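See below for the structure under consideration.
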């Protein structure tokens, strides 16, 4: 437990130090956010805010992992590699948005193809690894299912869905950061309880990096994490859950991610079938904004919901 705390604190301090270095650098490079025209009008003032701030917690995580975990073959490196791989897809998307000077990066099929390549690699690893395997724990039933040949295709869908859901959640100052801090804290405690100490350390390091990043990402944000950060976080959450044989628990602890993704699916489906919108705007955090909630209230409420969902998820697990 002490190593987890020390790791968190190191990552936190590194992120705090990196902020004043990277944010001015992003400004000088003119890596500013382009706000989508159909978004809330209140967000127009955010145009030009440095994007790709996710590098702050990505670098703090990378640096701290190699300070604390000295063995590159340790199993906790798998979530780190996934973190970096998915973050690389996000980086490419962000760069193209900046070059195009509009909120349009990779085309949908290009982004999905790259995400699928990383997802297939991780799914194959999980299925063939003796430490992971094709069995998953089922919350509440407190039993396990062996998915056998279905593991890889289902895991591919799981990775693609989780990373995209976290990406959609990153739409308000501090929202994805706060929700993911709580989710990764949950996984840090569960990992520790299961005896997966180095994975618990990885989760703690990500939490520390996000806490440091939140200083610059909380309202009013000095920088946005961009797809670079949100896809990296989605990959980290999904991979840690896979390593613990707990992919289904993401539906509970990541309930906000699920709701954000479902709101988009419902909105698009409803509009195509009936020509009517269910929400004032999707993802759903924009619906609440347009209903008169300040974005800080949305962040606080979604964080409270995530805290409750994490407690429910603890109750859903077998005695650890």
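Coordinate-derived values only; no laboratory data. Note that this is a predicted model, so its numbers are computed, not measured. With ideal geometry, Cβ positions are generated from the backbone for all residues, glycine too; neighbour counts draw on all protein chains shown.
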Pull out a ≥ b ≥ c, the square roots of the eigenvalues of the alpha-carbon gyration tensor of region 270-320, then state rounded if a/c is under 1.5, prolate if not and a/b is larger than b/c, and oblate in the remaining case.
oblate
Suppose a student asked you for the relative contact order of region 130-223, using Cα pairs under 8 Å spaced at least 6 residues apart; what percent would you report?
21 percent
List residues of region 295-309, by number, whose backbone nitrogen lies under 13 Å from a label position 7 Å along Cα→C-beta of residue 280.
295, 298
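Quote the convex hull volume per residue of the chain, based on C-alpha atoms, as a whole number of Å³.
For the chain, the hull spanned by Cα atoms encloses 131 Å³ per residue.
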Take every Cα pair under 8 Å in region 214-301 that's 6+ residues apart, average their separations, divide by the length, and report that relative contact order as a whole percent.
15 percent
With label points built 7 Å along Cα→Cβ from the Cα atoms of residue 149 and residue 70, find their separation and express it in nm.
4.7 nm
With the 8 Å Cα cutoff and a minimum separation of six or more residues, the chain has a relative contact order in percent of 27 percent
Taking the highest mean first, how do the peptides 6-12, 190-196, 142-148 order by number of other beta carbon atoms within 10 angstrom per residue?
6-12, 190-196, 142-148
For residue 21 and residue 273, extending 7 Å from Cα along the Cα-Cβ vector and measuring point to point gives, in nm, a value of 5.2 nm
Which of rounded, prolate, oblate describes region 157-225, given a ≥ b ≥ c as roots of the alpha-carbon gyration tensor eigenvalues and a/c under 1.5 marking rounded, otherwise prolate only if a/b is larger than b/c?
oblate
proj_area_mean for region 144-297 (convex hull on C-alpha atoms), units nm², value 10.5 nm²
Would you please put 288-298, 207-217 in order of how densely packed they are, using the mean number of other Cβ atoms within 10 angstrom per residue and starting with the highest?
207-217, 288-298
Using mean Cβ contacts within 10 Å as the protection proxy, how do 18-28, 87-97 order, highest first?
87-97, 18-28
Just to check, using Stokes-Einstein with a Kirkwood Rh over alpha carbon pairs, what's the diffusion coefficient of region 70-154 at 4 °C and 1.567 mPa s in µm²/s?
85 µm²/s
